[in-house]
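Remarks on the structure that follows.
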Amino acid sequence: MFELFPSRAVAFSLFGFDIHWYGILYLLAFVLAGILLPKLQRYRGLQWTGERWSEVLVAAVLGVIVGGRLGYALLYEPAYFFAHPWEILAVWQGGMSSHGGFIGVPLAIAWTLRKQRDAWLAVADTAVVPIALGLALGRFGNFINQELYGTVTTLSWGIAIPGVEGLRHPIPLYAIGKNLLIATVCFWHLRKTSIPGRTFAIFLLLYGALRFMLEFIREPTHSLVDLGVLTLTRGQLFTIPLLLVGGALYVWAGRRMHSPGSKTAL
């Protein structure tokens, strides 16, 4: 009836129902966000109740699940899921895209804040720290499952993957470090500046740049994209919009803050 660690991907099985590590780590990420958001809001002048933040968090959860799953289906496996559309609902079988989550979460939160549009940038700035920590937890799930490994390496910390030749770069561990770095920088920036939107912009720029570089030593799981002048992985291609949006938002937020009628930021 109860089985502990029946497989690498499953933490435990109860009455035949498998509880995956991914599910536990996602739950932990959302609990962590629920704790941090009310504490971080003061850096953007918000004084929301726990109930209001719970509404935002529920929207974010839906954005992660729906956006992440649709992003994987449309960006990475469109042919398969067009032929088997009902399997898009089978999220327990794996297959989520962080790029899809980057679309789904803002849209879900924007819908929740449709009557408080002026608060959107403040909420986005507040949310990026728990988002980065949540991404780190997700990559820990990849490490447990021994997924998304890197190219062959001779470095002493290379890891062996069952059924895969040679020692490989531990990409999930690199990604955990990347996301923790992003969380640290964003937290520092959130405290040091009062320009709404710029912390969110820095998050997009850092994630985009570091993810783009990390893709060079990550074993591709899907076909490369030939742009004529260069060849990119899917991860690199889908990261470019994050860099463009982040750069544009950083400039726009500064101009908006210093436009006539706005208070000058610190």
_Residue that is farthest from residue 107 (Cα to Cα) [pool: residues in region 25-35 that are modelled with pLDDT of 90 or more and either surrounded by 19 or more Cβ atoms within 10 Å (Cβ to Cβ) or in contact with a Phe, Trp or Tyr (Cβ under 9 Å, 6 or more places away or on another chain) (or both)]_ = 25
*Starting from region 220-248, keep only residues that are touching a residue at least 40 places away in the same chain (Cβ under 8 Å), then list their pairs with residues that are of a type in the set (Phe, Trp, Tyr) and assigned to a helix (DSSP H, G or I) whose Cβ atoms are within a distance under 7 Å, requiring at least 6 positions of separation or different chains.*
239/212; 242/102; 242/207
*touching a helix residue (DSSP H, G or I) at 6+ places or on another chain (Cβ under 8 Å), farther than 27 Å from residue 145 by Cα, assigned to a helix (DSSP H, G or I) and β-branched (Val, Ile, Thr) - does that describe any residue in region 83-104?*
no
*Looking at region 149-188, which of the residues that are aliphatic (A, V, I, L, M) and crowded, with 19+ Cβ neighbours inside 10 Å is farthest from residue 213 (Cα to Cα)?*
183
*Residues within region 2-17 that are of a type outside the set (Lys, Arg) and in contact with a helix residue (DSSP H, G or I) (Cβ under 8 Å, 6 or more places away or on another chain), tallied*: 3
*Mind checking which helices (runs of 4 or more DSSP H) fall wholly inside region 150-264 and carry at least 1 residues that are more than 21 Å from residue 131 (Cβ to Cβ) and in contact with a Leu (Cβ under 9 Å, 6 or more places away or on another chain)?*
234-257
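For every residue, the table says whether it meets (1) over 30 Å from residue 40 (Cβ atoms); (2) buried (at least 22 other Cβ atoms within 10 Å of the Cβ); (3) not polar (S, T, N, Q).
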site: 78; (1), (2), (3): yes, no, yes
site: 88; (1), (2), (3): yes, no, yes
site: 127; (1), (2), (3): no, yes, yes
site: 143; (1), (2), (3): no, no, yes
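The values are calculated or read from the model by the stated rules, or taken from the named source; none is laboratory data. Just so it is clear, the structure is predicted and the values come from calculations on it, not from any experiment. No Cβ is skipped: glycine too gets one built from the backbone with ideal geometry, and neighbour counts run over all protein chains shown.
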